[in-house]
Amino acid sequence: MALLDAHTREEVRRLLTDLKNPVRLLVFTQNIDCMYCRETRQLVEEVAALSDQITLEVYNRITDQEIAERYGIDKTPAVVIEGDQDYGIRYFGIPSGYEFGSLIEDIRMVGARDSGLSPSSRKRLAQIQTPVHIQVFVTPTCPYCPRMVRLAHQAAMESPWIRADMVEAMEFPELADYYGVYGVPRTVINEVIHIEGAVPEGYFVNELLKVMDPEAMARARAAWERMRYELASAHAHHHHHHEEEE
């Protein structure tokens with residue numbers, strides 16, 4: 001049973017007709033404890049079939065450990081979109097619902113080998129000389145989430161220092177919990193910088209540039225530690241209440 005209906009397939013085929021360069025899709029799955037591994041693999045297979053420029057490789061995170069580690073794949077399902085090199089574009093969780101649009105846009109971006117960011121954003125991102133890890137927490141039903149996923153993936157495409165993950169919050173609840181994700185999108189930069197909601201490109205680039213500013217990072221870390229403390233107390237309080245009810 002196909003996941004994409006005929007209409008969607010035609011639409012996607014049309015969007016992928018003008019891919020100028022080859023695009024490689026890597027899917028990482030595992031056999032147990034993975035809610036949407038099968039569907040993710042099938043979804044990406046169906047997309048890959050719609051363009052001659054797309055090649056697909058499927059790996060098992062556990063048995064293909066070496067390649068999983070090379071791409072920093074620590075959870076599944078995972079999708080990597082790359083060209084002649086790895087740009088740091090990652091999806092953790094199924095790219096379905098609104099995020100299916102992000103997947104197609106990213107394939108187009110990688111095919112063009114161009115982030116599509118504004119000249120000033122490109123110039124400013126060139127200042128980054130330290131590793132940056134972006135996590136964008138989303139759900140498939142969130143209409144504002146793809147905007148942040150795309151911005152994060154554009155930044156990853158633009159800068160060799162940036163890796164950007166879409167993380168589907170419902171498939172990775174412990175991670176969402178750890179970062180205090182109550183609403184989506186929520187974006188986490190190098191653990192400590194947190195952005196609520198969808199923001200404009202310029203604002204996002206400003207936040208990314210904080211990684212080069214030790215004082216800004218110290219402030220962000222202090223705020224994050226306060227938040228961690230509050231989350232931990234809220235959890236303890238919550239558990240305490242449960243015990244009383246029993």
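Read-outs: derived from the displayed coordinates by stated rules, not from any lab. All values derive from a computational prediction rather than experimental measurement. Methodologically, a virtual Cβ is constructed for each residue, glycine included, from the backbone with ideal geometry; neighbour enumeration extends over all protein chains shown.
A few points about this structure:
- Given (1) crowded, with 21+ Cβ neighbours inside 10 Å; (2) more than 25 Å from Val205 (Cβ to Cβ); (3) among the charged types (D, E, K, R), number of the condition Glu69 does not satisfy: (1)
- Of all residues in segment 17-37, those that are more than 19 Å from the chain's Cα centre (by Cα), under 25 Å from Tyr71 (Cα atoms) and not polar (S, T, N, Q) total 5.
- Test: residue in segment 75-98 that is in contact (Cβ under 8 Å) with a residue 40 or more places away in the chain, part of a helix (DSSP H, G or I) and under 16 Å from the mean Cα position of the chain (by Cα): yes
- When Thr63, Thr8, Thr17 are checked against the criterion of being in a loop (DSSP other than H, G, I, E, B) and without any contact (Cβ under 8 Å) to a residue 24 or more places away in the chain, Thr63 stands alone in meeting it.
- Checked against the criterion of being more than 13 Å from the chain's Cα centre (by Cα) and farther than 27 Å from Asp86 by Cβ, the candidates Glu230, Glu207, Glu201 yield just one match: Glu230.
- Residue tally, condition in contact (Cβ under 8 Å) with a residue 60 or more places away in the chain and surrounded by fewer than 20 Cβ atoms within 10 Å (Cβ to Cβ), over segment 118-143: 7
- Tally, over segment 32-41, of residues that are touching a residue at least 40 places away in the same chain (Cβ under 8 Å) and loosely packed, with under 13 Cβ neighbours inside 10 Å: 0
- If you go through segment 20-31 and keep only what is without any contact (Cβ under 8 Å) to a residue 60 or more places away in the chain and either outside any loop (DSSP other than H, G, I, E, B) or in contact with a His (Cβ under 8 Å, 6 or more places away or on another chain) (or both), you end up with Arg24, Leu26, Val27, Phe28, Thr29.
- Unmet requirement for Pro95, which otherwise passes all of (1) surrounded by 21 or more Cβ atoms within 10 Å (Cβ to Cβ); (2) out of contact with any Phe, Trp or Tyr (no Cβ under 8 Å at 6 or more places or on another chain); (3) under 23 Å from Val211 (Cβ atoms): (3)
- Of all residues in segment 219-238, those satisfying the criterion of being surrounded by 11 or more Cβ atoms within 10 Å (Cβ to Cβ) and either more than 19 Å from Val181 (Cβ to Cβ) or among the hydroxyl-bearing types (Ser, Thr, Tyr) (or both) are Arg219, Ala222.
- Flag: Arg41 matches the condition of being touching a strand residue (DSSP E or B) at 6+ places or on another chain (Cβ under 7 Å), outside any loop (DSSP other than H, G, I, E, B) and within 23 Å of Met109 (Cβ to Cβ).
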